[in-house]
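The values are calculated or read from the model by the stated rules, or taken from the named source; none is laboratory data. Fair warning: this is a prediction, and the values are worked out from it, not measured in the lab. Positions of Cβ are generated from backbone atoms using ideal geometry, with glycine treated the same way; all protein chains shown enter the neighbour counts.
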Amino acid sequence: MKRDNEIIRALAEKTMEVAHDPVQDRRRKLWADVNSLRSHEVPVYVLDPQGMWEEACPKLECEDPFLRGYENWLRLQLYHASFGDDFVTEKYITMPPVLVSPDPHWRSWGIPNEYTRVAGTKAFHYTEYLDAEDDLDRIKIPNATVDRQKTDENMEKLAEATGGVIPIYMDMYPQYRQNLSSMFALYYGTTNVLYQFYDSWDFMHKLADKFSKAVYKLNKQAERDGWFNSVNRTFGSNAEIQAMAYNHEIANPDVPETVPMKRHWLYDCAQEFESVSPQMHDELLFNYMKPVYEEFGLFAYGCCENLTKKLDILMKISNLRRVAVTPWADDEECAQVLRDRYVISWRPNPAEMITNGFDEDRITRIVKRAKAIYEKYNCFWEVNLKDFLTVEHDVGRLEKWVTTVRRALES
């Protein structure tokens with residue numbers, strides 16, 4: 001244990017050195033100005049390098065599994081800090097509570113979701129789904145309860161390991177998902193769910209109604225219990241809004257405080273609804289989730305799906321602030337619709353950026369094209385690299401990518 005503590009403390013000290021660099025405050029201001037629609041400066045951001053982390057991660061040394069998890073996290077923070085993008089390294093560590101009840105994710109709501117891995121890949125498919133109205137009665141809404149003793153023990157262990165070098169804050173952000181489209185995929189299977197739009201439309205409405213009301217209730221309970229705070233994974237390095245959360249209107253992650261939902265971000269997406277018509281998307285998803293979305297201060301939407309033809313219905317959500325424009329979207333059509341009313345999170349295709357060789361001319365050409373479009377329509381936007389599983393073992397490639405993108409934006 002002594003050796004484990006020495007490792008964690010050393011990594012925490014390095015993290016704090018990076019976190020105190022004045023560049024972090026410049027990045028905070030950049031994100032705040034862009035997210036609040038005040039600046040057209042373009043952040044450059046690598047969303048999450050965890051997919052290729054096994055190519056860059058040194059051998060972990062901690063023996064204790066709990067501390068090894070934090071060793072991995074701290075090493076990942078330091079690796080990300082080496083890219084030179086607009087990622088903000090914070091001056092603290094977060095720790096989730098230990099829950100007595102099962103993690104109240106959709107999988108624990110009473111319906112078993114068995115799945116089979118596809119050999120040699122990270123893909124899987126579900127083999128057991130909900131298929132009858134009687135199954136509605138089997139759905140049980142969880143109520144997370146914290147195991148105070150185990151949580152306190154974990155906090156003491158981590159505090160001892162860090163030696164007080166870095167503050168540790170409890171991440172009480174509700175563990176359940178807001179994502180209705182993922183729920184449909186979990187309970188029907190990602191292929192089978194598409195048939196339900198024709199075979200079980202009325203039943204899908206019943207499911208959407210049941211789950212959206214449950215999520216609304218659980219969020220309200222979490223708010224009453226003080227689970228929404230400004231220092232959690234929604235704001236942190238693996239940001240659930242898929243960007244740094246700084247802004248000038250609601251809570252920011254450098255000031256630890258309990259906040260109501262109206263001072264908190266919310267993020268959602270609907271990748272499973274990629275091929276669903278705008279009308280069906282609106283009727284089955286937005287119609288039920290809009291009351292949940294609008295309980296929050298600011299709302300970010302979109303992951304990998306193409307939203308080009310769904311922007312009009314998405315813009316009905318009053319607190320919408322950030323919209324994903326993916327490699328499959330029409331950049332110009334999205335820019336024409338969104339203009340300077342929202343932040344466009346522009347996601348270039350990682351295959352063209354870093355996962356299939358590194359072609360500086362190609363990267364520059366693609367970024368310049370996007371820049372020309374978004375400047376034409378006076379858009380607020382960012383360059384957001386995500387969804388990559390390899391850098392072909394060229395662990396310095398992300399730093400080279402950031403440098404190339406910045407040059408393209410400045411030229």
All-but-one check, THR258 against (1) modelled with pLDDT of 90 or more; (2) closer than 25 Å to LEU76 by Cβ; (3) touching a strand residue (DSSP E or B) at 6+ places or on another chain (Cβ under 9 Å); (4) not hydrophobic (A, V, I, L, M, F, W, C), failing number (2)
Residue by residue through region 333-365, note down the ones that are farther than 20 Å from LEU307 by Cα, β-branched (Val, Ile, Thr) and assigned to a helix (DSSP H, G or I). ILE363, THR364
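Mind checking which residues of region 98-127 are under 23 Å from LYS217 (Cβ atoms), assigned to a loop (DSSP other than H, G, I, E, B) and modelled with pLDDT under 65? Break it down into steps so the answer makes sense when it comes.
The initial filter retains those residues of region 98-127 that are under 23 Å from LYS217 (Cβ atoms), namely 99-111, 113.
Still in the list and also assigned to a loop (DSSP other than H, G, I, E, B): 100-105, 109-111, 113.
Once the filter is applied, which keeps residues that are under 23 Å from LYS217 (Cβ atoms), assigned to a loop (DSSP other than H, G, I, E, B) and modelled with pLDDT under 65, region 98-127 yields PRO102, ASP103, PRO104, HIS105, ASN113.
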Looking at region 282-304, I want the residues that are over 9 Å from LEU266 (Cα atoms) and have a partner that is part of a helix (DSSP H, G or I) and charged (D, E, K, R) with Cβ atoms under 7 Å, at least 6 apart or on another chain. Which pairs are those? TYR288/ASP209
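To keep it simple, each residue is scored yes or no on (1) crowded, with 21+ Cβ neighbours inside 10 Å; (2) closer than 19 Å to GLU283 by Cβ.
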| position | (1), (2) |
| --- | --- |
| MET183 | yes, yes |
| LEU186 | yes, no |
| LEU194 | no, yes |
| ASP202 | no, yes |
| HIS205 | no, yes |
| PHE211 | yes, yes |
| VAL215 | yes, yes |
| GLN221 | no, no |
For VAL343: the one exception among (1) free of Cβ contacts under 8 Å to residues at least 40 places away in the same chain; (2) farther than 22 Å from MET52 by Cβ; (3) not polar (S, T, N, Q): (1)
Would you call GLU382 touching a Ser or Thr at 6+ places or on another chain (Cβ under 6 Å), of a type in the set (Asp, Glu) and not in a helix (DSSP H, G or I)? yes
Residue within region 23-37 that is touching a helix residue (DSSP H, G or I) at 6+ places or on another chain (Cβ under 7 Å), of a type in the set (Ser, Thr, Tyr), under 23 Å from ARG406 (Cβ atoms) and in a loop (DSSP other than H, G, I, E, B) present: no
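Yes/no per residue for (1) of a type in the set (A, V, I, L, M); (2) part of a loop (DSSP other than H, G, I, E, B); (3) more than 28 Å from THR116 (Cβ to Cβ):
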position	(1), (2), (3)
LEU194	yes, no, no
TYR198	no, no, no
ASP209	no, no, yes
LYS213	no, no, yes
LYS217	no, no, yes
GLU223	no, no, yes
